[in-house]
Structure formats: C-alpha cells, structure tokens
Amino acid sequence: MRVVVTGGAGFLGSHLCDAFVARGDEVVCLDNFLTGNPENVAHLVGAPGFRLVRTDVTDYVHVPGPVDIVLHFASPASPIDYLRVPIETLKVGSVGTLHALGLAKEKGARFVLASTSEVYGDPEIHPQPETYWGHVNPVGPRGVYDEAKRFAEALTLAYRHTHGVDTGIVRIFNTFGPRMRPNDGRAIPNFIRQALAGEPVTVAGDGSQTRSICYVDDLVAGILALAGSPHAGPINIGNPHEISMLELAKWIIDLTGSTSEVVHIARPVDDPTVRQPDTTLASTLLGWAPRVPVEEGLRRTIDWFREQDARAAFGAPPLAPETTQQILNG
C-alpha cells in the first residue's frame, strides 16, 4: 500500500511511519518541522519507498501518484506547543484537515483523523465513551487545541456524508514512549527529565488529577487496526490504566532510582480532573487492547531518555548531510 502521514516526523507520526515501512508499505511523510523533528525519521531515509517531504499542510497538500491511506497527524499536541502557536494549531486542525481530506477524496483513499481525548474537555462522565459530547471551554487557553480537533471531526464526517470519502476518527488518549521531547510540557517526559537530572519533580496542583497512559506501540497497533477497517469512528484508543499525577511522579522517581523530591506548582487553567477511555468499541470492533504493561513502557521510555542524555554528553552529531539532502521540499 502507499500511505501518506501528515505530521510524520512528530512523536506519534514517526512511530506510524516505522510501522508502515516495517510491513512493506510505501510511506510519504509530510511535516513542516514546527514541532516534529527530522531526526525522528532519519533512520528511515533511504529505506525502500520512504519519502520525507518538508511542507505545510495548511498551504496545500500534493502527492503525485496513487495513495491508499491518508493519516492526518499534523498538529501541535502539547499544551506548551499549542499555547505558543495557537493560530497555527487552529489552522492545521481546520485548513490542514480540509487539505488532507481533499487529498483522500482525490485519490479515493481511506482517511484517518488523529483526534484526541481533549474533545471531552474536563469530563462530567467517567470513563469517557465515544457517545459523550464533552465539557470543553471554547474560549479558554486549551480551546485552541480542543476546538481545532472538534472541528476536524465535524469536517471529517461532512466529507464522509457529502463526498463519500472512506473516513475513520481515532480519539487518542495520553500516550508515551521514545521520541517524546524532554521539554514538551507533558507530564511523563517532564517527570523523567527532572528525575534523571536529580531536579525537583514538579506536579501540578495537589496531583490528584488522573490520566490514563498508553505505551506508543499499543497506540500504533490500534491506529493500524482502524486504518485497515471500514469503521468510521470515532473510536477511543488508549490504555484504561488510570493513575493520578502524584502517583505517576513517585513511580517514575522510583523507576529511575532518583533522589528527586516532588514539588507542587500551580495547576494550569482548565486542566482536566480525570481522564480514562472506555475502550469497548476498540475491543469489539477492532479486536484491540493494550498489551504493553505500563511499567514496562515506562522502563523503555526511561532507557531511551538515558540514551539521549548520553548522546548529548558525547556531542551527538547533527543530521548526516545525506539525510538533509533527501528532505524534499513540497
């Protein structure tokens, strides 16, 4: 198959590119590197059928030749990012989704939208089923991301009903693993970075707010299952393992063998109190369930962060010239 992944050099996008290349598909990876990093897919450059194209999907999306699947994963996904670039976040969720859907329509391709558990806002129903409409503050600081994704879902369904595009929507819950940026503002990379450095581990508020965390390999398996199915969704993909932020911080301190202490900081505006997916649909329609135990995933992620620290300490070289030369401009 020939697959297009927008945002393919990001955390999740790069793991998707890995999975499709590993099963023998051709992959066109589109990214403008606003929050993605070409190093995330540098190991794929030169692989049969893999192309890395630097382009902004809010300008246009053009891919010559046939396309079987379009996965729209381009978007800032961390609060520190979408609060820094709110307009770009809204544009990629609206105009970027429009362009990606247009590509799928033109090519007769299956379209998969990366939506988010943030469409549920600070939920009043727990755990969250796909039938729940959410409790979102559209004019709060997180609204630029929440509403961009809610609009993207509505636009995706409009293309399905109006133009007959074969679409699927995945609502992604908190995911972690290698290639997360250490300073991207999300809890797990923050906690790991601080613990490995022996710094205070900063927990927002009293730490009682919960998240449900899923290792990236499990998430990718769920997305591939949805991409290969006829289901429209939305379908929650995430690990129902719910944990408080304070418990998570202490767990990571223990797993890293750190002497760091927990320090409490102000809680962000509209920070959700709880978050847990109801994964009944994923189980019944896709036969999907998370398989990697959370502790094993955390250990793998900590090991990866340690390797990155070691590379930095020894002055890891920048991208090889041949890699830079093969980044095509869209």
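Values quoted throughout were computed directly from the atomic coordinates according to the rules given, and no laboratory measurement underlies them. Worth saying up front: this structure is predicted, and the values here are computed from it rather than measured. With ideal geometry, Cβ positions are generated from the backbone for all residues, glycine too; neighbour counts draw on all protein chains shown.
In table form, for the structure just shown:
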{"item": "Quotient of C-alpha Rg and 2.2 N^0.38 Å, computed over the range 1-84", "result": "1.03"}
{"item": "Fluctuation leader among Leu83, Leu103, Leu298 - the chain, Gaussian network, Cα springs under 10 angstrom", "result": "Leu83"}
{"item": "Distance in nm between pseudo-label sites at His126 and Ala232 (7 Å out along the Cβ direction from Cα)", "result": "3.2"}
{"item": "Distance in nm between pseudo-label sites at Ala154 and Leu255 (7 Å out along the Cβ direction from Cα)", "result": "3.8"}
{"item": "Kirkwood-type radius of the range 178-230, with distances r between different C-alpha atoms, in Å", "result": "13.4"}
{"item": "Value at 222 nm in deg cm²/dmol, rounded to 500, when DSSP H runs of n ≥ 4 in the chain each add -39,500 (n - 2.57)", "result": "-12000 deg cm²/dmol"}
{"item": "Distance between modelled label sites at Glu242 and Asn183, nm, 7 Å Cα→Cβ extension", "result": "3.5"}
{"item": "Stretch gain in nm, segment Glu296-Trp133, where the contour uses 0.36 nm per residue and the Cα spacing is subtracted", "result": "55.4 nm"}
{"item": "The range 1-70 versus the range 185-222: alpha-carbon centroid distance in Å", "result": "27"}
{"item": "Compactness of the range 55-140, expressed as Rg and Dmax over alpha-carbon positions, Å", "result": "15.1, 46"}
{"item": "Whichever aspartates and glutamates have a C-alpha closer than 18 Å to that of Lys107, once near sequence neighbours (fewer than 8 apart) are set aside", "result": "Asp25, Glu26, Asp68, Asp166"}
{"item": "Qualifying lysines (Cα of each under 27 Å from Cα of Lys105; at least 8 residues distant if same chain)", "result": "Lys91, Lys149"}
{"item": "Per-q log10 I(q)/I(0), the chain, q = 0.07 Å⁻¹ (Debye; single scatterer per alpha-carbon; no solvent)", "result": "-0.27"}
{"item": "Magnitude of the charge dipole, the chain, Cβ model with Lys/Arg +1 and Asp/Glu -1, debye to 20", "result": "520"}
{"item": "Chain lengthening between His163 and Ser208 when straightened (0.36 nm per residue, less Cα-Cα)", "result": "11.7 nm"}
{"item": "The range 1-155: C-alpha pair distances exceeding 27 Å, %", "result": "24"}
{"item": "Relative contact order, percent, the range 114-219 [alpha-carbon distance under 8 Å, six or more residues apart]", "result": "25"}
{"item": "Qualifying aspartates and glutamates (Cα of each under 12 Å from Cα of Lys250; at least 8 residues distant if same chain)", "result": "Glu261"}
{"item": "Percent antiparallel among DSSP beta bridges (both partners in the chain, rounded to 5)", "result": "5"}
